[in-house]
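The structure appears right after this line, and notes come after that.
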Amino acid sequence: MTVSLVFLAVLMAAFGGWLFSHSINVRPWEAQAAGVESRQMPRAATAPRVGLAVFLAVVTSLFALTISAYLMRQEMAHDWRPLAVPGLLWWNSACLVLGSVALQLAWRAARHEQPARLLRGLLAGGGLTIAFILGQALAWWQLQAAGHYLAANPANAFFFLLTALHAVHLLGGLFVWSRCLFRLQQGATPGAIRQSVELCALYWHFLLVVWGILFVLLLRT
């Protein structure tokens, strides 16, 4: 339970700090030029960004509770037999890291109005993410082929649960990614989809951190 609370606190502090850093110099009580309505929210705290932050808080809670259940089940049962993590997960992790980097570069290209680089970044980020998910599916198949069935051992069940839960959230991100790609191919300017690309990049960075925590947890237990 302590580990999950620390995990939740660190992620919430990171996103809270990000929002605070964009609002520290905002003084909504100061009057602006005559006839201009004063801002009550910092410029960076747009509705999509705040919505993403709230959603990530919910996702963080979900993963924190799942990790807590994993650790508690491990400690309380004599039938827990550690599962050897497939070596394929190292390659999958590399794909996710590169995918996150590609989306960061796509976000940068959108800010600088570079449509060609934006397209390449989106294609690379999405392609590497799809490769990660397919790699996870292959790892599940390898475990099943080796006799590590879902119901055979609590460790097996939690391995499938944690990795599948993470993959489902990536699939949700791919839906938003596909909309960005479709709009770009339909002629939208980089500036028009910049915020959507930004939210995708932030979401991918978040899921990369989550996967890093899950991967270390699975390796150590």
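The values are calculated or read from the model by the stated rules, or taken from the named source; none is laboratory data. The structure presented is a predicted model; accordingly, all values stated were derived computationally and were not measured. Methodologically, a virtual Cβ is constructed for each residue, glycine included, from the backbone with ideal geometry; neighbour enumeration extends over all protein chains shown.
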Fill in: Those residues of the stretch 131-154 which are out of contact with any Ser or Thr (no Cβ under 8 Å at 6 or more places or on another chain) and of a type in the set (A, V, I, L, M), in sequence order
Ala131, Ile133, Leu134, Ala137, Leu138, Leu143, Ala145, Ala146, Leu150, Ala151, Ala152
Discussion item. Can you go through Ala155, Ala151 and tell me which one is part of a helix (DSSP H, G or I), at pLDDT below 90, in contact with a Pro (Cβ under 7 Å, 6 or more places away or on another chain) and under 29 Å from Gly87 (Cβ atoms)?
Written reply: Ala155
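Could you please let me know if Ser178 is hydroxyl-bearing (Ser, Thr, Tyr), modelled with pLDDT of 90 or more and either surrounded by fewer than 15 Cβ atoms within 10 Å (Cβ to Cβ) or in a loop (DSSP other than H, G, I, E, B) (or both)? Step through it out loud before you land on a result.
On the way: hydroxyl-bearing (Ser, Thr, Tyr): yes; modelled with pLDDT of 90 or more: yes; either surrounded by fewer than 15 Cβ atoms within 10 Å (Cβ to Cβ) or in a loop (DSSP other than H, G, I, E, B) (or both): yes.
Yes; evaluated as a whole, the condition is true for this residue.
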Worksheet item: Can you tell me which residue in the stretch 58-107 is surrounded by the fewest Cβ atoms within 10 Å (Cβ to Cβ), limited to those that are in contact (Cβ under 8 Å) with a residue 12 or more places away in the chain and not in a helix (DSSP H, G or I)?
Response: Asp79
